[in-house]
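Below is one structure, written out as structure tokens; comments come after it.
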Amino acid sequence: MEVKMSLGKRFSKLLEKLEMTQTGLARALGTSNVVINRYVRDKTMPDYNFLKKLGNTYQVNINWLLTGEGPIFTGDSIKQIANKNYYNLPVLAAVSCGSPEDMAMADPEDYILIDSRSLPGDFSNYFAFTANGESMAPYISHGDVVVVKRQENWETADGRICVVWIDGEVTLKKITLFSEGREILLSPFNKDFSPLLIDPDSVDTIRLIGVAVMAVKNL
């Protein structure tokens, strides 16, 4: 007789699929690592607000998480148009392209269809932001939708446009690593804005959220 997986075990499996740690998921959903850890250890049942945010942000099939029935992710995340598959990617809160601003990890504000062939790997590792500001112009302008792949490894960020979290605020900038990663330069493309050199030891927290993989122009 097959032993049914507990909610905590399913939660661990979901983390593997998302390629995220308990801490990373807690940070992304605005809760604490202690709360996520209690879910994983079957000490507490997730409440409604958490499940709603988890489902909206990562297209998780909440019925699977609670009962083990059905697919892990909802079928609504993939749409077929003219014999091509498109991801229905959630567009989250705006990211500042001028100066760091608080990032509200709320329900998706909108959705955008992206050709599945352009986003390799697990769809759930991607999300999108609306650019707010002109510091990355002319390559990324105000109102453009920026598609981001979740990433926490700074080595993969060197020389790329990234979303960075600094003491509870986020910004979109080009990343350059110096001194073997001991200094991080956040550079705008627009020369009217100034770059920012960060010594990770000089701030409470600096964290890489993800690497930008494409920008969809706001025409």
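This table checks each residue for (1) among the polar types (S, T, N, Q); (2) touching a helix residue (DSSP H, G or I) at 6+ places or on another chain (Cβ under 6 Å).
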position	(1), (2)
Ala157	no, no
Ile161	no, no
Glu169	no, no
Asn190	yes, no
Leu196	no, no
Asp199	no, no
Ile206	no, yes
Ala212	no, no
Lys217	no, no
Since Arg10 meets every condition but one in (1) farther than 23 Å from Leu208 by Cβ; (2) at pLDDT below 90; (3) crowded, with 18+ Cβ neighbours inside 10 Å; (4) not aliphatic (A, V, I, L, M), which condition does it not meet? (2)
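Determine, yes or no, whether Val148 is closer than 30 Å to Asn85 by Cβ, in a strand (DSSP E or B) and touching a Gly at 6+ places or on another chain (Cβ under 8 Å).
So Val148 fits the description; yes.
Could you say whether any residue in segment 117-130 is of a type in the set (A, V, I, L, M, F, W, C) and modelled with pLDDT of 90 or more?
Within segment 117-130 (the criterion being of a type in the set (A, V, I, L, M, F, W, C) and modelled with pLDDT of 90 or more), the answer is no, since none of the residues qualifies.
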Could you check segment 20-84 for helices (runs of 4 or more DSSP H) lying wholly inside it with 1 or more residues that are hydroxyl-bearing (Ser, Thr, Tyr), over 15 Å from the mean Cα position of the chain (by Cα) and more than 30 Å from Thr205 (Cβ to Cβ)? 62-67
So is Arg207 under 17 Å from the mean Cα position of the chain (by Cα), surrounded by fewer than 17 Cβ atoms within 10 Å (Cβ to Cβ) and either modelled with pLDDT of 95 or more or outside the structural domain of Ala128 (by TED's automatic domain parsing) (or both) or not? no
Pull up segment 166-198, narrow it to residues that are assigned to a loop (DSSP other than H, G, I, E, B) and touching a residue at least 60 places away in the same chain (Cβ under 8 Å), then point me to the one that is surrounded by the fewest Cβ atoms within 10 Å (Cβ to Cβ). Gly168
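Rundown of residues vs (1) in contact with a helix residue (DSSP H, G or I) (Cβ under 9 Å, 6 or more places away or on another chain); (2) among the acidic types (Asp, Glu); (3) buried (at least 19 other Cβ atoms within 10 Å of the Cβ), yes/no style:
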| residue | (1), (2), (3) |
| --- | --- |
| Glu16 | no, yes, no |
| Glu19 | yes, yes, no |
| Thr23 | yes, no, no |
| Ser32 | yes, no, no |
| Lys43 | yes, no, no |
| Asp47 | no, yes, no |
| Leu54 | yes, no, yes |
| Thr57 | yes, no, yes |
For residues in segment 53-101 being at pLDDT below 70 and hydroxyl-bearing (Ser, Thr, Tyr), which is farthest from Pro188 (Cα to Cα)? Ser77
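The values are calculated or read from the model by the stated rules, or taken from the named source; none is laboratory data. Because the structure is a prediction, the values reported are computed rather than measured. Neighbour counts are summed over all protein chains in view; Cβ atoms, including those assigned to glycine, are modelled from backbone coordinates with ideal geometry.
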